[in-house]
Amino acid sequence: MRRFRPDAAGPGIELEPWSVADVEALLSQVCGDAPELPAVAAEFYRRSGGNPLQVRQLLRRAQRDGAQGF
């Protein structure tokens, strides 16, 4: 869990890592359902550790590189 504190007096924001199901839900919303979606979500999760920013960066890279469905 990470805590973001813009200043010592301000409130913190706690971020939890995403689960594989969370990653799959995002990919499904962006790309639609496909038979390979669970495997792609698992790979994105493995590479990102569930970090939402890194998941999004992987998705952008896949879209940029022309991966089908992304």
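The values are calculated or read from the model by the stated rules, or taken from the named source; none is laboratory data. This structure is a prediction, so every number in the text was calculated from the model and none was measured. So basically every Cβ, Gly included, is an ideal-geometry build from the backbone, and we count neighbours across all protein chains shown. Surface areas here come from the heavy atoms of the whole protein model, side chains and all, with no ligands, DNA or RNA. Shrake-Rupley method; radii C 1.70, N 1.55, O 1.52, S 1.80 Å.
Some observations on this one:
- Gly50 meets all of the listed conditions (1) of a type outside the set (Asp, Glu); (2) closer than 21 Å to Glu16 by Cβ; (3) assigned to a helix (DSSP H, G or I) but one, namely (3).
- The residue that is modelled with the lowest pLDDT, counting only those in region 22-47 that are open to solvent by 60 Å² or more (accessible area, probe 1.4 Å) and either more than 13 Å from the chain's Cα centre (by Cα) or over 19 Å from Ala62 (Cα atoms) (or both), is Asp33.
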